[in-house]
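**Q** Take a look at this one; I'll ask things after.
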Amino acid sequence: MTPILFVYAKGGPPLEYAVPRIAAHAEVHVLALAPLPRSTESVWRPGCASITTAPRGEGVELVDLICSHARRVGAAAVLTLSEYAVVAVAHASLRLGLRGAGQRVVGARDKRLMRRIWRAAGVPVPGFAEVHAPEDIKAAFDVLRPPLLLKAAWSAGSTAHLTVWNEQQAEAAWKTGRSVMEASSARGYAELHAADEGVSDFLLEEIVTGDASDWFDGDGWGDYVSVEGIVADGRYHPLCVTGRMPTVAPFTERASLAPAAIPNALQHRIEEVSRAAVDALGLDTCATHTEIKLGADGAMWLIETAARFGGVMTTRQVETVFGLDMIGMLVRELLGREVAYPQRMRTEGTGAAGSLVILAVDPEGRPWSDLPAWDFEAVDWPALVAPGSRVEPVREHSLAPGTPVPPYEEAGGANSMAALCFLTAESGPQLLADCARVVAALPKALTTPSVAPTRAPAAPSERTAPTEPSALSPLPTDRSTPGSTA
């Protein structure tokens, strides 16, 4: 088979799912820039022709490393599924004369440049201002309407996101955000091509008012969606829309769900806004994951586009519901082989599938009063989900059994995640109800051998204008994190 170099770094779909799909189309040579997951090694290792571990470099040295290893194995393509390695892999592919995301890849990584490109192209984005120094914070409050969201420009999984109401809070949040990014970088959850920039670059953004009620059939959905797709030689192929549960403050993802219960005509409106956003970025050949905020009366705002697939189990959700093996499709595209793309984005599928992030917060976003140990086997899952639904752990993105569930900290975002579960159900509404019951039952279900079925509570509406906080969230403690959900 044709050799392909798979650059592994933190984040992205688990290897137990990804490697078999790459290996179905190519001979897989792994260059690991982070420790490989041992809990699932028996599943992914047989699909690897070779595995090389290397110290985590950055910038030109990292690109040199990727190029030299690609030449050594005779790779016809270089692939990564990690947010943190997409820039380095794109530059390496350019140098090697191989297909990849292209010269403009940074526009799909640096949130400041992304927004500048979209604003120039007329793509709807919230008001924003870049933060390089304390004086930029004052200038931002002169032109933007608070509350504002402070974002790390190179983060993923809502890491280093904080809501602020005034200049003093913003200055404190900026310091906290940099500390969070430094801690994340030390654990491998940071940009690999420009590590220093990844820690220090931020922006302030207006919090637009979302409204899911005009879009979804039924209650309980979050007010934003993602469009999953692939760009092939500059042509964008949107594949499907995935929905969400309401986020945990400030905007940490709790669950990704497919299909989204949105009428077909509205899904195609979302598709066209996604197309305008991706086309403006000028990408060559790569996966795309585009997040869009939904408002009243058909309003939409772009949140971000990444030059990779959605994190956690998004690729498996899409394959389960829509029958599209997106990883296999991208591998074939990178190798210059024929790929059968749908003529139009898929809006309907079979059954439903979702990724549920276990966070120590209740359905209303309040922190748990007790922090039990995580143990998937201790929960009576059939009592929590509907007949026909199934729940399984994603070991690569979960803490080891017996590890205390970490407290949720707003600045930490996905770094507060204890575990990830993959759910399947007979329909989207049933899947949403299953997730709501699980969220309501935890943490008691972790400490009680059997949990009686409970009626799913009405899911809270998406928080778009938070109550003014009395203080900023504390810096997350330095602990091993299970993965990124972005």
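The values are calculated or read from the model by the stated rules, or taken from the named source; none is laboratory data. Quantities reported herein were computed from a predicted structural model and do not represent experimental measurements. Here the Cβ positions follow ideal geometry from the backbone for every residue, glycine too, while neighbour counts run over all protein chains shown.
**Q** Hey, among the residues in region 1-48 that are hydroxyl-bearing (Ser, Thr, Tyr) and out of contact with any strand residue (DSSP E or B) (no Cβ under 8 Å at 6 or more places or on another chain), which one's farthest from LEU330 (Cα to Cα)? Steps first, please.
**A** Here is the first cut: in region 1-48, the ones hydroxyl-bearing (Ser, Thr, Tyr) are 2, 8, 17, 39-40, 42.
Of the ones still in play, those that are also out of contact with any strand residue (DSSP E or B) (no Cβ under 8 Å at 6 or more places or on another chain) are 17, 39-40, 42.
Values: TYR17: 15, SER39: 26, THR40: 23, SER42: 25 Å.
Per the criteria, the residue is SER39.
**Q** Within region 102-148, how many residues are within 23 Å of GLY210 (Cβ to Cβ) and in contact with a Phe, Trp or Tyr (Cβ under 7 Å, 6 or more places away or on another chain)?
**A** Adding up the residues that qualify gives 6.
**Q** Report whether or not GLY107 is surrounded by 19 or more Cβ atoms within 10 Å (Cβ to Cβ), in a loop (DSSP other than H, G, I, E, B) and in contact with a helix residue (DSSP H, G or I) (Cβ under 6 Å, 6 or more places away or on another chain).
**A** no
**Q** Then there's this: Can you name the residue in region 24-65 that is in contact with a helix residue (DSSP H, G or I) (Cβ under 9 Å, 6 or more places away or on another chain), among the charged types (D, E, K, R) and in a loop (DSSP other than H, G, I, E, B) and is also farthest from HIS91 (Cα to Cα) among such residues?
**A** Checked region 24-65; the qualifying residue farthest from HIS91 (Cα to Cα) is ARG56.
**Q** Moving on. Taking the condition within 25 Å of LEU36 (Cα to Cα), aromatic (Phe, Trp, Tyr) and not assigned by TED's automatic domain parsing to the domain that holds VAL248, does PHE376 pass?
**A** Taking the combined requirement at face value, the residue satisfies it.
**Q** So, SER213, is that one in contact with a Pro (Cβ under 7 Å, 6 or more places away or on another chain) and either part of a loop (DSSP other than H, G, I, E, B) or crowded, with 24+ Cβ neighbours inside 10 Å (or both) or not?
**A** Taking the combined requirement at face value, the residue does not satisfy it.
**Q** For region 150-166, name all the residues that are in contact (Cβ under 8 Å) with a residue 60 or more places away in the chain and either at positive phi or surrounded by fewer than 22 Cβ atoms within 10 Å (Cβ to Cβ) (or both).
**A** Across region 150-166, the qualifying residues are GLY157, SER158, ALA160, TRP165.
**Q** Among the residues of region 348-392, how many are hydroxyl-bearing (Ser, Thr, Tyr), in contact with a Cys (Cβ under 9 Å, 6 or more places away or on another chain) and free of Cβ contacts under 8 Å to residues at least 40 places away in the same chain?
**A** 0
**Q** Applying the selection to region 397-434, what residues are part of a helix (DSSP H, G or I) and farther than 25 Å from SER155 by Cβ?
**A** GLY428, PRO429, GLN430, LEU431, LEU432, ALA433, ASP434
**Q** Additional query: Taking the options LEU257, LEU266, name whichever one is surrounded by 23 or more Cβ atoms within 10 Å (Cβ to Cβ) and either of a type in the set (Phe, Trp, Tyr) or out of contact with any His (no Cβ under 9 Å at 6 or more places or on another chain) (or both).
**A** When all the criteria are applied, what remains is LEU257.
**Q** Checking the structure you have, find out if any residue of region 267-286 is at pLDDT 95 or above and in a strand (DSSP E or B).
**A** Yes; the residues of region 267-286 include at least one that is at pLDDT 95 or above and in a strand (DSSP E or B).
**Q** So, one more: Filter region 226-254 down to the residues that are closer than 30 Å to SER416 by Cβ, among the small types (Gly, Ala, Ser) and either modelled with pLDDT under 95 or part of a loop (DSSP other than H, G, I, E, B) (or both) and list them by number.
**A** ALA249, the sole residue that qualifies.
**Q** What's the total number of residues in region 167-187 that are more than 20 Å from the chain's Cα centre (by Cα), surrounded by fewer than 24 Cβ atoms within 10 Å (Cβ to Cβ) and in contact (Cβ under 8 Å) with a residue 60 or more places away in the chain?
**A** 4
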